[in-house]
Amino acid sequence: MSVNPNPTVALKLNPNFVLEPAEPVVNADLGQRIVVVLGANVGLGFEASKHFARMTPAKLVMACRSEAKGKEAVEGVYENRLRENVHPLTFEKTLTSFQFHEKEVKKATGFEAIELRIIDLSSFASVRDFANKYVKEIGQLDILVANAAMLPVKYESTVDGWETSLQVNYLSLALLTFLLLPSLIDAAKEAKYKPRIVVISSSMHEQTQLDDTVIRAHSILKQMNDEHYAGDPEIIKRRYSDTKLFGVFFVCELNERLSRSNPSIIINVTDPGRCESHLSRNFPDAVKQQIQAMNLQKYTTEEGSRALVYGAVGEVGKDNEEELRGAHIRRTRKIQYGEFVVGETGQNLQKRLWNELIETLCKADTEVEEVIVKYSLQ
C-alpha cells in the first residue's frame, strides 16, 4: 500500500562536479571461468555483460527478472559480438540476413556461451529457485557480479512482507550470495585465479548515517521495514542510500569472516561513479526534469560498467590482487570507506545487522544456516 502520495527523492548532487576521463576497460582471460551478472538486461549489468562476452568466458549467465527483456538483452550482447566480428560496411546487411537467428550469430562470432536465467529479487522463492537450479545444472561459479538495485519513490512491500528496496537491494542479494557461496568455494579448489564476488554500490551510501530511531531500535530490520516509519516521505527518499549502506556493511562483515575461513574468495564493493543508469525510470516527471535541468556531468552507462568489470577481473593474478579483498573501489581505484562505516557507531551497526540478517535469511532458507556453519562464518 502506498502511504506517500507525493513521492520525492533525495538529490544530493554537486552540479560543479567535474568528471575525470574514463579509465579503459580491463581485460582478462575468462576461457575457463563462469561469470554470473545480476540485472543483466539493462544499464550497467547489460554493458558489463558485453565486456565479459568479449573475454569469451566458459559461460556467461545473464540473470534477469523478465524473460522477455532478458532474451532481448542476450540478443543485444550477441549482436555486439557480431558487430565486432563483421566489417562495419556489411554489419547491417549481415544482421538483417540472419534476422537475428541466435544460432547464426553464435556461428559468426565464435561465441556460444551466453545463458539467460530468470531471478526476481523481490521474491525469496525466486532467489531460492535460481540458486538451486544453478547449483544443480551448472555448479561452477568463478565471478558473481551482484548488480541489483532499485530506487523507491514510495512505500511498497513484497510478497515476503518486506519493503521492496530493502529486499531487492540488500536481503535477496545477501541470500543469493550465501546460496552460491559453496559453488565459489568449490571453484577455488581447482581454479587458477581466486573467485570473486562484486557487490555494486554507490557513493550515496556515504550520504546517510541512519537516524536515532533505527539505531536505538530493538531490531534494525524490523524498524526499517515498518510501514509507518518507511512510508514517511523523508525516510523513503533516502532509502536507496540506506540500503546501499547496508550492502557495504554486509560486504565488510562477510569479507572479515571469509578472510579467516576461506581466503580463496575475494569480495569487494564497487562504485561506478555518477553515470547514466535506469535507476531514475520510476522518478516522478518533475524530478526527472529537475535532474535534466542541472545538466550534470556523468559517465555513459558503458563507461560506468567498466568499474564492474574492474571489480571482477582487475589485477587478477597480479601481486597486488590481494589489495582488492574487502576493498571499496570507486571506478578503478581503491578508496577508504566513509567515516560512518569505519566509525564506532557504524562498526557496532555492522555486527548487529549481520546477526539480524542471518536470523532473517535462515527463516527464508534453512540452507543459509548450513552454509554459515560449514564455512565457519558464525
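The values are calculated or read from the model by the stated rules, or taken from the named source; none is laboratory data. Please read these numbers as outputs of a predicted model, since none were measured by experiment. FYI the Cβ positions are ideal-geometry reconstructions off the backbone, even for glycines, and counts take in every protein chain you see. The protein model used for the area step is the full one, side chains on, heavy atoms only, and it has no ligands, DNA or RNA in it. Shrake-Rupley method; radii C 1.70, N 1.55, O 1.52, S 1.80 Å.
What order do VAL316, VAL135 take when sorted by accessible area (1.4 Å probe), most exposed first?
Output order, biggest surface exposure first: VAL135, VAL316.
Can you compute the modelled spin-label distance between GLN378 and SER66, with each label point 7 Å from Cα toward Cβ, in nm?
Inter-label distance under the simple model: 4.6 nm.
Step through the table entries LYS222/LYS363; LYS194/LYS334; LYS334/LYS363; LYS59/LYS194, compare each Cα-Cα distance with 24 Å, and write down the pairs that go over it.
Check vs 24 Å cut-off fails for LYS334/LYS363.
So how much slack lies between GLU321 and LYS222, counting 0.36 nm per residue of separation and subtracting their Cα-Cα distance, in nm?
That works out to 31.8 nm of additional length.
In terms of Cα to Cα distance under 19 Å, which aspartates and glutamates are near enough to LYS237, apart from those fewer than 8 places away along the same chain?
GLU156, GLU163, GLU206, ASP211, ASP212, ASP226, GLU227, ASP285
Listed highest first by mean packing, meaning other Cβ atoms within 10 Å per residue, what order do 178-186, 40-48, 337-345 come in?
40-48, 178-186, 337-345
Shape of the range 136-243 from its Cα gyration tensor (a ≥ b ≥ c, root eigenvalues): rounded if a/c is under 1.5, otherwise prolate when a/b > b/c, or oblate?
In terms of gyration-tensor shape, prolate.
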